[in-house]
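Working notes for the structure below.
The values are calculated or read from the model by the stated rules, or taken from the named source; none is laboratory data. Keep in mind the model is a prediction, meaning the values are calculated, not measured. A quick note on method: Cβ atoms are made from the backbone with ideal geometry, for glycine too, and the neighbour counts reach across all protein chains shown. Accessible surface is based on the protein model in full, side chains and every heavy atom, while ligands, DNA and RNA are left aside. Shrake-Rupley method; radii C 1.70, N 1.55, O 1.52, S 1.80 Å.
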Amino acid sequence: RPTSTITIDTRICQGRSVFFKGQNRTTAGTYRDTLVKTNGCDSILILNLSIKPNSFNTLNTQICSGQSILFNSVLRTTTGTYLDTLTSANGCDSFLTLNLTVNPTPTTNIYDTICQGGSRLFNGIFRTTSGIYRDTLLTSKNCDSFILLNLHVKPSSSKTIDTAICQGKFIFFKGQNRTTAGTYR
């Protein structure tokens, strides 16, 4: 009566197991078991077990405040580490880690006052009226940086002084003795 040999070639993913000869097998190797057939002869089982690796990938990503990135079906908007498990081409787990950094978009406020008739150069334009003016620059992380100029224009004031002096007298105005009739500014 013949004995029989059966060879089983099996590949499993890392972290999985195959139950063989009363044990969960998790490492690659060749395992043997001997059974007794119904005819009373040995039946030899040979398990050739190989392990397919899981894959691990890390993404280091930066976005600007106010932006988002879609990861694991969720829009991510805050700094943190996020995990996702996918299936790789070999049918095993593919572990994906996202290290997300959210860079700020700073706002700088500048307050300035000028006199009427004056001007303030801002964003390439001479500003002459009161208002809030905006400029956008890029930070070293390639994010927006907002600059706001809050400009106040003070009105000029003028005062008229009507005065009369007697002939031969003078009035001192703007660093000089004035002796003749006229309008002086």
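Any residue in the stretch 86-98 that is farther than 28 Å from Cys13 by Cα and in contact (Cβ under 8 Å) with a residue 12 or more places away in the chain?
Filtering the stretch 86-98 for residues farther than 28 Å from Cys13 by Cα gives none.
Checked the stretch 86-98: no residue is farther than 28 Å from Cys13 by Cα and in contact (Cβ under 8 Å) with a residue 12 or more places away in the chain.
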Check your understanding: Given the stretch 1-115, what strands (runs of 3 or more DSSP E) lie entirely inside it while holding 1 or more residues that are of a type in the set (Ser, Thr, Tyr) and either open to solvent by less than 50 Å² (accessible area, probe 1.4 Å) or at pLDDT 95 or above (or both)?
Key -> 4-13, 29-36, 42-52, 55-64, 80-87, 93-103, 107-115
Exercise for review: Identify all residues within the stretch 81-117 that are small (Gly, Ala, Ser) and under 14 Å from Leu59 (Cα atoms); write none if there are none.
Suggested key: Ser94
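With Asp162, Asp84, Asp93 as the choices, which residue is more than 23 Å from the chain's Cα centre (by Cα), within 30 Å of Ser50 (Cβ to Cβ) and of a type in the set (Asp, Glu)? Write out each step before concluding.
Details: Asp162 fails: within 30 Å of Ser50 (Cβ to Cβ); Asp84 fails: more than 23 Å from the chain's Cα centre (by Cα).
That would be Asp93, the only listed residue that is more than 23 Å from the chain's Cα centre (by Cα), within 30 Å of Ser50 (Cβ to Cβ) and of a type in the set (Asp, Glu).
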Revision key, fill the gap. Flagged pairs (Cβ under 6 angstrom, 6 or more apart or on separate chains; first in the stretch 36-61, at negative phi; second open to solvent by 40 Å² or more (accessible area, probe 1.4 Å) and among the small types (Gly, Ala, Ser)) are Leu49/Ala28; Ser50/Ala28; Ile51/Ala28
